[in-house]
Structures are given as structure tokens and as C-alpha cells.
1. Any chance region 385-403 includes a residue that's away from the ligand (no atom under 16 Å from the Cβ), modelled with pLDDT of 90 or more and over 30 Å from the mean Cα position of the chain (by Cα)?
2. Can you go through Lys365, Lys410 and tell me which one is assigned to a helix (DSSP H, G or I), charged (D, E, K, R), away from the ligand (no atom under 16 Å from the Cβ) and not assigned by TED's automatic domain parsing to the domain that holds Asn254?
3. Here is a check on your reading of the model: is Glu259 at pLDDT below 90, closer than 18 Å to Leu373 by Cα, more than 9 Å from the ligand (Cβ to nearest atom) and in the same structural domain as Lys376 (by TED's automatic domain parsing)?
4. Out of (1) within 12 Å of the ligand (Cβ to nearest atom); (2) surrounded by fewer than 23 Cβ atoms within 10 Å (Cβ to Cβ); (3) modelled with pLDDT under 70, the odd one out for Gly293 is which?
5. What's the total number of residues in region 321-333 that are at pLDDT below 95 and within 10 Å of the ligand (Cβ to nearest atom)?
6. Take residues that are under 30 Å from the mean Cα position of the chain (by Cα) and tell me which of the helices (runs of 4 or more DSSP H) falling wholly in region 97-203 contain 3 or more.
7. Which residue, of Ala123, Ala68, is small (Gly, Ala, Ser), under 23 Å from Ala135 (Cβ atoms) and in the same structural domain as Leu137 (by TED's automatic domain parsing)?
8. Return the residues of region 317-331 that are surrounded by fewer than 17 Cβ atoms within 10 Å (Cβ to Cβ) and among the charged types (D, E, K, R); say none if nothing qualifies.
Amino acid sequence: MVVDISTAIFIFFEDSMSTIAAISTAPAVGGIGVIRISGEDAVSVAERVFKARDTHKRLSDMKGYTAAYGYVYASCGEKLDECVALLFRAPHSYTGEDVVELSCHGGLFLLKKVLEQVYLAGAVPAEAGEFTKRAFLNKKIDLTQAEAIASIISAQSEASAAAALSAKEGTLYKRIEEISSSLISLSAHLAAWTDYPEDDIEALDMHAIEKNLLHTKEDCQKLLASFDISLIVNEGVETAILGRTNVGKSSLMNLLCGEQKSIVTDIEGTTRDVVETSVRIGNAVLRLSDTAGLRESEDTIEQIGIDLSRKKAQSANFILAVFDVSKPLNEEDFALLETIKNKRAILVLNKSDLSAVWEPDILQKYGKKTVYLSAKSESGFDALINAVEEELGTKDFNPYAPMLATQRQKVCLQSAYESVIQALEAVQLGMTLDAVNVCIDSAVEALLELTGQRATQRISEEIFKNFCVGK
Ligand code: GDP
């Protein structure tokens, strides 16, 4: 069921007119713990629990963005804790409603006791993500900004935090608005032409329409490409270190991790299992697995490790293929080069501190970047890092550019992109303007779904249920 935003508000507000409350800080012991109350009765609920030390001061008389120092009390009159109450007046708050935040000491036992009193005073427990859901329903933010808030909370690096903050400030939303506005004005023009042919409407320039659609197609392509990079920066790319036994895979793994994750020996088959870890290389995150060499073995346990390696080689999206320059290349090396032919990969020519017995030209026909490395002396490591960032496209990552950050956003944009291509084909084949307009309309629908202006109830609920309670 597709509902427009006003219907969506009606559906959600049937059960959301109540005043909600939750602990908004992490459920752990800390210096300060915050209870957030939001809704029409937020101030009166807070007033039943909180009393300012200055007995003349009342929350209901206070302006937005002001604070009062005092105490929180149980209904029996028992003083529970010291507290600072911070007041936000609608619509100038996170949710767009009246909000009171009670900052108490951060002990969980005490916070729960205060929250119990807030419930007794008339608030109901907030569901996961309900504060942010209300911000969305009150049009404080669109869906891409709501998703960005979840990303800010889970960001693990400077680049992903900056990108999430930029999305929260509406970078993606503005870009999608630009694309959909251009399609909407094109659609309106086409509709006016087909519906009122006798009126004096500016003649249609099919060449200009085609140009406009081609431009929109490129905009969509750019945004779709941004998803792959944002995924590598935020969640990481599954990476396998592959190569025959003893070429230095585990040494490379340890070098990348900056610590010993894999056992390094010169005994063949030392790495029997798949060792996994995540490392940050510049802006990129590699979800690494060091694998057993891909050779046949009599040893049952080692053979299981080798089978796991084969699976990893197939499932990984990025390969670091390691070769030993001090030993002639053999069948196993060439088999590996064939296996990774169609994969994103870097060929690491290891043991460059020893005399090389073959030249890198031999690998030229495979069309992959090659990097000389000595995992032992670490020489060539900077060049490897540089090559990894170049190959993954994260070197010039700009966190402030509009980019897609979730699978949901990608699915919506992909659907808009396909509709734009259909509209373009309809123009190029000389089909009726009605047919062109149907395709443009469905592209606009997909874009409005992306920003949440035409959200299905299921999609919105799916997004907010992944939030923590209190956000
Ligand atoms: P794997 O079986 O591919 O994981 O190889 P390892 O990382 O276990 O290394 C096998 C042997 O090669 C060990 O004795 C390492 O010390 C040695 N080795 C690894 N990298 C280098 C290197 O760059 N130069 C030299 N001279 N020896 C290396």
C-alpha cells in the first residue's frame, strides 16, 4: 500500500499522539544519564516529576532552549536525584514536539527509577526509533536524514562519521529533490501538451526532452556508483588474501593488521583455517581473510581449510593475490590468475628483498595492478596501500558529496534509473507522449519513495525499528 505523507501521518499518529519517554543515553553506567520526554504533555509530565531548586521557577513558564536546575521526586515525595531539566518548545526540537530532557546522574538503577515516575506521571514508553520517527512525521527530516542519524550513531571512522553528518544535513535529500523537480517539471509540460493540445503551449522540443532525460540518467548513474564506495568506507569490502603456500600471505595479513593475526612459519600448510579480521586502509575498510594455500593436501584438516579458501576466493569482492618473486611461477600461480580474472584484484609480488627469478611483464596480460612488496622488511607497503585505495576508488572520497548509504536507497534509485531509461527509449523510438510520461511518473514515484515523501508504512517501520530506544 503506497500512502502519501499526510495519510502516513494519520496512520502513525493514531497511536503516537501520546507523550513518550525513554532513557536516551547508553544503557550503561556513566557520568550523566538523560531521560527524553516528547509530546503534547511533555512539559506537564516533567513538571510532575521535576521541581526547580528555585521554587518560583516552573517548567511551564520557561521558554524553549532554557534549562532549570533542581531535583526529581517520586510520587510519594521521596527525592530521587539531582537533575537539570532542558526544555525545547515545539516545533524547535528534535521531534518537532515539546521536549523535556532530564539529565540525571548516570547510574542505571536510578535512571530506571526516575523513568518509572515519568511513566506514572502520564508518559508511555517510546518504541525503538520513535523520537526520530516523530521527527520524520513532523517533517523535521526526510527518510535519508533519518537513516543518516542511524549511520552517525554507528560510524566507526572519521570519513563515515563526516559522510553521515553531511547526509543528516540533507546533502542526498537536496540532490534527489533536484533530480525529481526536473522530472516533475518535464512531466507537467508533457501533460499540458497532451491534455490541452489546442492551447497555446510552447512547442515541444523532443531533442531538448531527450537531452534532459540523458542528463538525469547520468545523475542517477553517478549516485548509484557512489553506493559501492560508501559501502567500502562504512561497512568494508570482503577481501581475500590468496596465493600458493609460503608466498607470504600470513605475513601480509599481519603487516596489514599491524599485529600477529596469522601464524607465520616456513612449514607448508601452517594456515589451516580462514583467519578473519577488519583493517582500515586510508578511507577503505578491508574485511580480510587470510586463507590456506589453494593446493591439494593429504591432511584432512588442512584440506577443509583449503576448501574454505576456495569458497572465500569465490565470495570475496576484492583479492590480494600474492606471488613469490624468488621462486619460478608454477601451475598453481597461473590457476589463481585465471580464477581472479574477472575480480577486482591487486597482484602482490612478495619477497622483493630476495633476487627475483621472473619479471612482472609476464603478468601484464592479466590487466591487474602489480605492486612489489617485502612483507618481511615492509618495503613497498606504502605503494600497496596507495594501490588498494586507487583500486577501490576511496582515495579521493569526499564525505560531503551526495551519496547513497543504504540498500533501500539504492533499490529506489535503481528503479528510478530504469524508468528514466525507459522514458528515454520511448522518446528515441518516437512513442506517444503519454507513454513517455508514464515512465517519467514512475521515476518520480521511486525518488519520492527514497526521500520518504511517498513512504509505505512497512518501509518506514522497517527503518525506525533498527534504531535504539531513546533515539
Ligand atoms: P603463507 O604460507 O603464504 O601464509 O606464507 P607465510 O606468511 O607463512 O610466510 C612463509 C615464509 O616466507 C616465512 O618463513 C616468512 O618469514 C617468509 N616471508 C614472508 N614474506 C617474506 C618476504 O617479504 N621476504 C622474505 N625474505 N621472506 C618472507
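The values are calculated or read from the model by the stated rules, or taken from the named source; none is laboratory data. Since we're looking at a predicted model, the values are computed, not measured. For neighbour counting, all protein chains shown are included, and Cβ atoms are generated from backbone atoms with ideal geometry for every residue, glycine included.
1. Scanning region 385-403 turns up no residue that is away from the ligand (no atom under 16 Å from the Cβ), modelled with pLDDT of 90 or more and over 30 Å from the mean Cα position of the chain (by Cα).
2. Of Lys365, Lys410, the one residue that is assigned to a helix (DSSP H, G or I), charged (D, E, K, R), away from the ligand (no atom under 16 Å from the Cβ) and not assigned by TED's automatic domain parsing to the domain that holds Asn254 is Lys410.
3. Working: at pLDDT below 90: yes; closer than 18 Å to Leu373 by Cα: yes; more than 9 Å from the ligand (Cβ to nearest atom): yes; in the same structural domain as Lys376 (by TED's automatic domain parsing): yes.
So Glu259 passes the test.
4. With (1) within 12 Å of the ligand (Cβ to nearest atom); (2) surrounded by fewer than 23 Cβ atoms within 10 Å (Cβ to Cβ); (3) modelled with pLDDT under 70 applied to Gly293, the lone miss is (2).
5. Residues that pass the stated criteria total 0.
6. Those helices (runs of 4 or more DSSP H) span 130-137, 143-154, 158-168, 171-195.
7. Ala123
8. Those that are surrounded by fewer than 17 Cβ atoms within 10 Å (Cβ to Cβ) and among the charged types (D, E, K, R): Lys327, Glu331.
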